[in-house]
Amino acid sequence: MVKIRSLSTKIVLAYLILTILLSLITTLSFYFIVRQVVLQEASGNLHRQGVIFSRWFENNQKNQNGGMARPIVQVADHLLDGDYIFVNAEGVIQFSSLPSRFPAGEQISKVLPMPRLTRGMVQERDFTWQNEEYLVVRMPVQAKAARGDTLYMLAQLQSLGEVRRGIFWLALRDSLLVLAGALALAWFFGQRVAMPLQELRQKAEQIAGRNFDVRVHFQTGDEVEELGRAVNSLASQLGAYDQGQRRFFQSISHELRTPLMSIRGYAEGLRDGVFAGAEADNGLNVIIKESERLQAIVDDILFLNRLQSPREVYQWGQVELLPLLQEVIATLGGLAENRGIAIRLEGDPVLVWGDREKLRRLWINILGNALRYACSQVTLSLSLLAQGQLEVRCHDNGPGFQEKDLQELFSEFYKGHGGQTGLGLAIAQEIVNGHRGEILARNHSDGGAEIIVCCLDQVINSSSSGSSPS
């Protein structure tokens, strides 16, 4: 089987098949309609001729065998010869325009098979007789002395067929002209559809070749233009992802190189006996510390990769946010005490819908980042906005963010002054996004840094409570 791969060819063929079917249906319907119209027109003309002949019979009853010419039937622009037969009440032919075929004295039923006439009615019928098609109009003679005599008016349908065939060929010619015009339009519209798609295919191949700068520009005002915008968006996102991957591998190689060099240096020194006694103990401590740092980096990378995967599953459930934050504060309480930093928690108990473990990780990362830069105090405050949205703020009284840090604060492996892995806030952003919320960072008007988390639709209910310092 031959496969048609060109879209424009498929459109042309589909349009051609549809046009042929419509033309065929239209032509056949037109033919049968014309046939009925021709028969009706011929029947009407035969009836009018019959009325004239009936009057003649009334005026010429003593001279029935002559004086009447064959009737002329007009159909459209054609003049057709007709015939007549006068039959008495007993069904015997009295005279006709074709005495050789319809001789006087013969029973009409023998030479012209027609159903019996209902008295006083006009009947018409087309039928085949002796391999010829006829249209017959049968009507009662209205003369007073006719006493049930009948007049038959006949016209051969073979002559009418010439009229029908002429009209049929005219309709067929017009159908072929319409078909030719339809093919031209189908080819035109097929090209209009196929050309943008061919360009899209070429651009997609370039994108597959990692050329993410290509763009398509369509102004068709339809789905093809929307598809072009989608391809442009895809190329832009793939380009950003590619740059992110490059930056990721550059950053991770830099982050892993330093602890690996420290571990290797101390391990080789211990192997070669360079370090002994207290120096050896210090070297082992450095190896353990750097190993823990490596493990923390790897764990963060794996966790961030899971969050960015569309297959990551969130364990949704009801979470009491205030006890969760108190648990986070208790976890980081030792770090805060060592640094001499007080943590204050303000707000009312709120029940939210979310993944408890991921929310716990979110606030460990945010609060841990604040403790790293705070001078003496960090404040966590919960509040419900007028729209029913939950907002949680983390404010420290440290030096605040530098302007250049605010632009890249949530980027992977971006570390400000005193930062660690550069993954904590990137993980926080992914968790907030997973909860259909929003996170932003800014410098507080009273000084220090502030990170705000706004949950759009996760609040279940809330109740009144006071503040609780920790």
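Read the figures in this text as sums done on the coordinates, not as results from a lab. Keep in mind it's a predicted model, so treat the numbers as computed, not measured. Glycine also receives a Cβ, built like all others from the backbone with ideal geometry; neighbour counts cover every protein chain displayed.
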(message) At R0 = 56 Å, how high is the FRET efficiency between residue 278 and residue 206 if r is their beta carbon distance? Nearest 0.05 is fine.
(response) 0.35
(message) Once you place label points 7 Å from the Cα toward the Cβ at residue 223 and residue 256, how far apart are they in nm?
(response) 4.6 nm
(request) For residue 315 paired with residue 268, estimate the spin-label separation in nm (one decimal), with each label point 7 Å from Cα along the Cα-to-Cβ line. (result) 4.5 nm
(message) Counting other beta carbons within 10 Å of each residue's own, what order do 331, 379 fall into, fewest first?
(response) 331, 379
(message) If I stretch the segment between residue 48 and residue 335 completely, what's the gain in nm (0.36 nm per residue apart, minus their alpha carbon distance), one decimal?
(response) 91.5 nm
(message) At a 10 Å Cβ-Cβ cut-off, how would you order 27, 258, fewest neighbours first?
(response) 258, 27
(request) Return the distance in nm (one decimal) between the two label points of a simple spin-label model at residue 291 and residue 92, each offset 7 Å from Cα along Cα→Cβ. (result) 13.7 nm
(request) Please work out the FRET efficiency for the pair residue 178 and residue 56, using the Cβ-Cβ distance as r and a Förster radius of 30 Å; give the result to the nearest 0.05. (result) 0.05
(request) May I ask which residue of 298, 286, 239 lies farthest towards the positive end of the charge dipole of region 223-308, with charges of +1 (Lys, Arg) and -1 (Asp, Glu) on Cβ and the Cα centre as origin? (result) 286
(request) Going by C-beta contacts inside 10 Å, put 435, 47 in order with the fewest on the left. (result) 47, 435
